[in-house]
Each structure stands twice: as C-alpha cells, then as structure tokens.
C-alpha cells in the first residue's frame, strides 16, 4: 500500500512568487512501500523547489536504477525526467548539463546506484564540479532485490536476514569531499526541517552538491541491529548545526547567536545562515570537514547537516569557458563554418 | 642482375624505429609524390608502442589510380636493424633494398636477386650534426633526399613542401632543406640515378586532397553542428576528437566573448562517454562520441537504452583488430555484428559504412540529421586503415543552403495550441514520434524518459500488449529508416554475368582493382555492389537475388556482413561466399583475386569449411 496524494486541493493553498502552489511540484502516486524514507525525501524536494520558486519545467530530474531512482516519478510532475541506466545517471546529467546550462539538474540515486555500480561516475562527476544537486537516498541495502547489503552498510550492521555485514562501509560524503565536491551535506529522511534548507542551499550552489540522505528501508533494513534504521539514526545523528536558507531578495528575519553563526551569500544572490553546534567544524575548510567526519565515524555517530561548501566554486561550464547561451539553442549560423572555410581547409590538405 | 623497371607504379616500404621522427619524413615523401600529381596511398603499419619497436610505412604509387594495398614490396628502405632480416625477405625479386650501411649488412641477409643500395646515413649525420637528437631526426630527412635522386623526384616539390610544413617555424626550413640536399647529393654521386623504378610528374589528380578519415570525420561533426563531444581515448579513434577540437577551436569560438560554442568532455570510460552523448541529445544538443571495438562493448547497455527510449545518438566506431585488446594498431572490419545488434533484448542499430575521407565527412555530418530524424543511434563504421592513414579523396564540400534536419520536435507554440503530445505516439504512420526538449512549456509536454516499458504517452506499464505494440512500432520504424540511409552503389561488369561481389568500407579500392584484373587477365566478370548502410535497402536484396553467386568481401574472420545478410534476408549459405582477410593488414587486390579464382577454378564447388579460405597475410 502506497501513500496516496489527495486529489482535492484546498482552494487557498499558498502560492510562491511565481503563483505556483505546492501541488504544482508534486508527482504521481508513489509505488514505494508505505513509510519508505524515500517518499519523505520526495516531499522535501517538493517543498524546497516550491519555496525556491523555480519554475517546475525548468528542472530536469534524472536517476539511475533502484527504489531511489524510481522516486522522480513521485515529484515534479511538470519536469522532464530521465530514469537512465544503473549507476550511470551522472554521465547522463553531465551531457544534459552540457547541452543546456540554464536548467536546474536534480540527480537522484541510491546507495547501490552510487556506491557500487556507479562509484566511478559518482567520483568523476564530483571532480568535474558539474552544476547539479546529487541526492543519494541511502538505506544501506538493495531494496528492489529484497535486501542485500549495499556498500554503504556499516560493518557489523545486521540485516533483516540476521547476518552482520563483514565489509567496511563507504562514506559517500567523505568520498565526495576527496573527489573535489564543492558542496557536501548529509541529511536524514526523518528530519525535514534540516533537509529542506539543505536542498535549497544545494540548488543555489554553483557546482556539484551532494546530499547523502540516510533513508531507512522499512521493509528490509529497519530491524534491530541495523545502523540505518529509524531508531538507530534518531539516536545517533549529530548535526553540524542548523541551516536557514534565505532566498534572494527576502528580508532576513531569523535570529542567531553571535559568534556561532555564518552568513553565506550564494552565487544567485540568496544566502544561507549556519548555526554551528560544533565549534571545531569549519564547513568552509575541506580539512576541517574531513577531520570532523572521521571523528564522528570513529565514535559511531552520524554527522548530519552541511559539512562542506566552497563559496567560490566554479562549475564545469565556467572552467570550460563554454558559451553563456545554451548549446542546444545554437543554430547553423553559430555552428556551421560554411563552404568557403571548407575550401580553405581543402587547400591545406593538398 | 634483374631490376624491376617501372614508371609511376611501385610499392615502397620504410622500416623505422618507433618514436624517432620517421613519420613526418615519410609523410613528406608521400605528400611530395601526391603534389607531383601521382596517385599515392600511404599506410602506417605501427606497433602498440610509443618508442623503440619496429614500425613501417608503406607507400603505393599507382598511375592507374589503384589505391588499395597491392601486396609485395618493390623497394624496402630499412634503417632499423631489428627488422632488417624481415624487411629484405619481403622485397620482390629484382627489387631494391636500401639500408644504412654505416655498419655493413649481415652477410647472411644478402640476397642475390635483390639490388642492394647502401647509404651511410649514420655516418653522414655524425659528421654533419653534433646534437644527438638532430642526428636522429635528420637521418630520416636525408634518406628522403636520397630517394628523390634515386627515383627522379622533382626536388623543388620537396623543398616547397618543407617550406609549407614549417610555416610559422621558419628557422627549421633551411636545416631541413640542407638535410634533403645531403641525401640527394650523396645518392647522385654514388649511384646511377634514377634506378629502374622512377616517377614522372603527372596531371591526374585534379582537386583531390590527401587526408586521414578521422580528420574528415571530426570535420563532419563540426559541420554537422555537433556541440557536445564526449569520449574516452582509444586507438584508432582518438584523432577524431582531436580533429573536432582542432577545427572547433578555429571556427567555433565566439570572437566577442572568447566563449566556446562547443563542449568536449574527456570521460572516465566509454560507458560514461556514451551516457553523456545520450544526456546531451535528450536535451536537444547534437552530440557524438568516437571509439573502437572495446568501447562499443562497454557502450552496449546504453545503446539499448537509446534504441528503446529513442534518443538520437551518434557514435563513430573506428574499428581495429579484436577480439579483446586484439591487435589495437591493426585494421579490421570486425565489429559488424556487435554493433548491428548491440545491446540485450531485441535491438537493431543503424550503421553507415564510409569508404573514403569524403564519405567520412559526409556521413559524419549526415549522422546527426539521421539520428535526430530517426531518433535512434547512428553508428558510423570506419576502420583504422581509413581513419589513421592519409587517403586520397575528393575534396570536402558543403552546400551553404543546407539546413540541419532536427527531426520531430514539438515546440512550445504547438503545445500551447493544444496539439496532442504523446512521446511514443505515431501520429503520421512513419512510426517516429514527436519529442520535446526539457524546459519547453510550463504545463505541457513533460514526460519521463525510461528504459522500462511504457505506453504511447510515456507512462510506465508492464502490460504485454502495450510492450508488444511498441516493439512492433520500432520494427515499422526500421522500415522507415531504410528510406533515409545511404543507398548502395552498383558497378556493373563490362560483360553480362550472374556472379557478383559485395563489399563495404575500406575493401572498396582493392575490390575494384581485383575486379579489373579478373576481367582483364582471367576473363572473369563480376558485377559489384558497395553496401553503404544497415538496415540494407531493398536494392541490396534485389542485387543478391539477381545473381547466382555473390562473393562477400570483408576484413574479419567470421564473415560478419554475410551473417547479417543471411539473418536479415534469409539467403542460404550457398548463395553468399566469403572472401576474407583478417591478419590486421588492409585487404589487397591480389588476395581478393586469388580467393575468387580459387572458388571459380574449382568449378563453383565450395569448400564447406571456411578456414580453408582464410586469407594469406601480406598478399
């Protein structure tokens, strides 16, 4: 049984700056298991995009294969979607982003799709700093094939079948940092208050933005002994701080404690406020971020929130110096040098 | 002693050490002959190595205009002691063996039926140059100068060419001309020039050009409007993207802003490269990748997605000898089956077979029109022989009135007007549906692209009848495709015959030459068809049906095109006989002639086992 999106809408649903209601950002009915963390993440994506006032059709949502990768059907129904090949979403997004730099690219993947079959593409899209949001719906197991451990399952974590995982886990945030990602965050599907501003900040970031979202699998990995169960994550999550995202041109009204906060202006003019809980973490310093992650890993806690951001990030189009006009809008006069040029080339080949 | 005597008709083979700068000197030699108006066909035979291993460069000169590999060496020029024993063995009786005699030739190698010409290249260099690098580089130029005297080449053509080649690096012109003169003078003072083989200036080439197929293909991508290139380096395809980049830099950088009207991404592997092409094409850009056999294997899963989800995809496959790493620097046409049916499930892919640089350019540009019109992968099948060797070709040409065919793309205006949109809906009977680019319209035209089965409106479904309907539409689209792909070329024999040959790609030149010999010398007449694409057009079927016996000439072991013909048309094995060459060298006219004669002399009795007609290397 899936949760159903109600067909009726309150006539006075709040609209965003563009006049869209939240319903305009929803998708079709989910076919995931009831209570699946992925559906909560889909809800957070809907809320973030609505509040950001992005035109729904100016977002492209792409995914690989697996439960997570099915989820783009369940949000942003007015956006083009692409459910591609297992582990290969990053390459498809890369090509799409090369063709049109003016859309927002939202990649959705899972832990199998990213940390196993897609590890290579994940590493390389991070190092190219492609302007995209990369959300991993991380449940530590292969849901569609009935619960095998994935590469992000912690060593010793017990699956529903009862076996403890004998391999060490891949930490996608640490991997992304080392591969050169310019925005790295971790969320929890059960904590929308934290996740929504993280998604907004990631969308506004210019460059590769990873959000690794721990998203318990209610059917195969929510049992005692699992380190990706709701209970375990609630007990062990430790946030880097809280994040407020302030859209461009909005008045900043939030209070914050002096000395513990950062205000960061994003490339598009919006800003984020960070309220730090961990004085030792400097989220604008890669080394500090890596050390903090390693400390939490050693103590068995799950570090959530914004972990790292490069404020001066230059994305792939910037470094490649591609045309500001989307390449897919160029026509013959921009692209084809004509026969006279070919005659000159012929002459050089004699 | 017997001396081969000929004017404007010979094969010379240079034997060098890889990485010693011989390639540019050998190229200078071939290009000078080309500028003298002689039909030339240079071929690099090189190892998978950067420095140190033997490498060869074979140049055929043929006043008759035969450009395929002939087989047999008239002149060997050997400056590589590693390969000298093999090099002298290959020389035809009465031919010439030119070598560096600074060290005397091993007496065991001497043949009394070969004219041996020693030039002390190392000694001349040691006397003339102090810098070891110069000694090595100019050694090559010196032997070109010597050849100019021995063959009676127009020396001025050579010196002019040096001037052209070093335009912008004028300091290098005089030293190179000096080195040419050193060799020229030595040969003239020591030997009776010309030798039995010589060249005479001709005026036979018109406006032809000398260019490698990969350069032409890269140019085709520029002219065809490709804006996204994604690739992973692999021999022998790498120079396609190199050429695309070279010319894009020249013609695609906005003069005002300095920004590029193209994007080239070197991917982490071939899977990623084709993924990027699919993503870019899905998003409305013209995109391509270039690869070779191993890359095609890796791309095969994505090719299935592009076929099934109907995403325009352009792939240039420069074939090399497989399987596995095979002989990565040798040529073959051995990816026919792996591309034609690439991917799991029921798939069929469109293949184009160019045979000249001009066709590489034309098909390269055309592939983007076809991919967008037909919404499916288009695979241009060239090979190492065409791609990496300089080939004489008709000049490249572009019709400035030509517009790109962007295929069926529904616009925001059409959606606004309320035109019905179903991504996989066949609205006009050609089995090709309209697509939309992402971001087109706020409320209409968005759809979900997926590799899973779906209905005509792109909605996921696992209903068998919907799946079947879609697969049958793809078969009807396959028929539409036949109307768009290049038609075959037919050459009728000068006498009526019911026997024919069928070939494609780089087998053309040698096949045509073999047919001439068979007609002139053996009285055997064969009609000929050059297939230029898959799916096969109806003419291909009619041609085969119109002959009692068709020899299918191809450069692989398993007769892959023949298999494809049998699978698509259900011709029996008796109808189609194979003429094969798969030793990694381009197929030669002598080889083709020999194999066809073997069949026909045997009173049309065919050996059942194909291995009996396996090609003979170097023929």
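Observations, loosely collected:
- Among the criteria (1) modelled with pLDDT of 95 or more; (2) out of contact with any helix residue (DSSP H, G or I) (no Cβ under 8 Å at 6 or more places or on another chain), the one residue A:175 does not fulfil is (2).
- Within region A:133-154, none of the residues are over 15 Å from the mean Cα position of the chain (by Cα) and within 19 Å of residue B:280 (Cβ to Cβ).
- The lone exception for residue A:43 - which of (1) out of contact with any helix residue (DSSP H, G or I) (no Cβ under 6 Å at 6 or more places or on another chain); (2) crowded, with 24+ Cβ neighbours inside 10 Å; (3) at pLDDT 95 or above it fails: (2)
- Taking region B:303-392 and the helices (runs of 4 or more DSSP H) fully enclosed by it, the elements with 1 or more residues that are within 14 Å of residue B:214 (Cα to Cα) are at B:357-374, B:384-388.
- Boolean, residue B:227 is closer than 27 Å to residue B:30 by Cβ, within 12 Å of chain A (Cβ to nearest Cβ) and surrounded by 24 or more Cβ atoms within 10 Å (Cβ to Cβ): no
- Test: residue in region A:137-146 that is within 10 Å of chain B (Cβ to nearest Cβ) and either part of a helix (DSSP H, G or I) or modelled with pLDDT of 95 or more (or both): no
- Region A:47-60, residues that are within 14 Å of another protein chain (Cβ to nearest Cβ), in contact with a helix residue (DSSP H, G or I) (Cβ under 7 Å, 6 or more places away or on another chain) and free of Cβ contacts under 8 Å to residues at least 40 places away in the same chain: A:56
- Matching residues in region A:116-128 - criterion: being more than 7 Å from chain B (Cβ to nearest Cβ) and in contact with a helix residue (DSSP H, G or I) (Cβ under 6 Å, 6 or more places away or on another chain): A:122, A:123, A:125, A:126, A:127, A:128
- Residue B:468 closer than 30 Å to residue A:28 by Cα, away from chain A (no Cβ under 14 Å), part of a loop (DSSP other than H, G, I, E, B) and out of contact with any strand residue (DSSP E or B) (no Cβ under 7 Å at 6 or more places or on another chain): no
- Search result, residues across region B:397-417 that are in contact (Cβ under 8 Å) with a residue 12 or more places away in the chain and either touching a strand residue (DSSP E or B) at 6+ places or on another chain (Cβ under 7 Å) or more than 30 Å from residue B:320 (Cβ to Cβ) (or both): B:404, B:405, B:406, B:407, B:408, B:409, B:410, B:411, B:412, B:415, B:416
- Consider region A:71-88 and keep the residues that are more than 9 Å from chain B (Cβ to nearest Cβ) and part of a helix (DSSP H, G or I). The one that is surrounded by the fewest Cβ atoms within 10 Å (Cβ to Cβ) is A:74.
- Of all residues in region B:256-274, those that are out of contact with any strand residue (DSSP E or B) (no Cβ under 8 Å at 6 or more places or on another chain) and either crowded, with 18+ Cβ neighbours inside 10 Å or farther than 11 Å from residue B:230 by Cα (or both) total 5.
- Within region B:438-447, tally of residues that are in contact with a helix residue (DSSP H, G or I) (Cβ under 7 Å, 6 or more places away or on another chain) and buried (at least 23 other Cβ atoms within 10 Å of the Cβ): 3
- Exactly one residue out of B:401, B:492 is surrounded by fewer than 17 Cβ atoms within 10 Å (Cβ to Cβ), at pLDDT 95 or above and more than 30 Å from residue B:525 (Cβ to Cβ), and it is B:401.
- Which listed residue, of A:225, A:190, is in a loop (DSSP other than H, G, I, E, B), at pLDDT 80 or above and touching a strand residue (DSSP E or B) at 6+ places or on another chain (Cβ under 8 Å): A:225
- Enumeration of residues in region A:96-115 that are more than 10 Å from every other protein chain (Cβ to nearest Cβ) and either over 11 Å from the mean Cα position of the chain (by Cα) or in a loop (DSSP other than H, G, I, E, B) (or both): A:111, A:112, A:113, A:114, A:115
- Subset of region A:312-350 (residues that are part of a loop (DSSP other than H, G, I, E, B), more than 8 Å from every other protein chain (Cβ to nearest Cβ) and loosely packed, with under 14 Cβ neighbours inside 10 Å): A:312
- Residues in region A:10-40 that are touching a strand residue (DSSP E or B) at 6+ places or on another chain (Cβ under 8 Å) and surrounded by fewer than 13 Cβ atoms within 10 Å (Cβ to Cβ): A:13, A:14.
- Residue list for region B:537-555, restricted to those being surrounded by fewer than 21 Cβ atoms within 10 Å (Cβ to Cβ) and not in a strand (DSSP E or B): B:537, B:538, B:539, B:541, B:542, B:543, B:544, B:545, B:546, B:547, B:548
- The single residue among A:91, A:68, A:63, A:44 that is at the interface with another protein chain (Cβ under 8 Å from one of its Cβ atoms) and closer than 21 Å to residue A:208 by Cβ turns out to be A:91.
- Taking the criterion of being outside any loop (DSSP other than H, G, I, E, B), free of Cβ contacts under 8 Å to residues at least 60 places away in the same chain and within 7 Å of another protein chain (Cβ to nearest Cβ), the residues of region B:252-292 that qualify are B:260, B:263, B:265, B:271, B:272, B:275, B:276, B:277, B:278, B:279, B:280.
- Hits in region B:433-451 - residues which are more than 7 Å from every other protein chain (Cβ to nearest Cβ) and either under 39 Å from the mean Cα position of the chain (by Cα) or not in a loop (DSSP other than H, G, I, E, B) (or both): B:433, B:434, B:435, B:436
- Number of residues in region B:161-189 that are free of Cβ contacts under 8 Å to residues at least 24 places away in the same chain and either in contact with a strand residue (DSSP E or B) (Cβ under 9 Å, 6 or more places away or on another chain) or not in a helix (DSSP H, G or I) (or both): the value is 4.
The values are calculated or read from the model by the stated rules, or taken from the named source; none is laboratory data. As the structure is a prediction and not an experimental result, all values here were calculated from the model. All Cβ positions, even for glycine, are placed from backbone atoms using ideal geometry, and neighbour counts span all protein chains on display.
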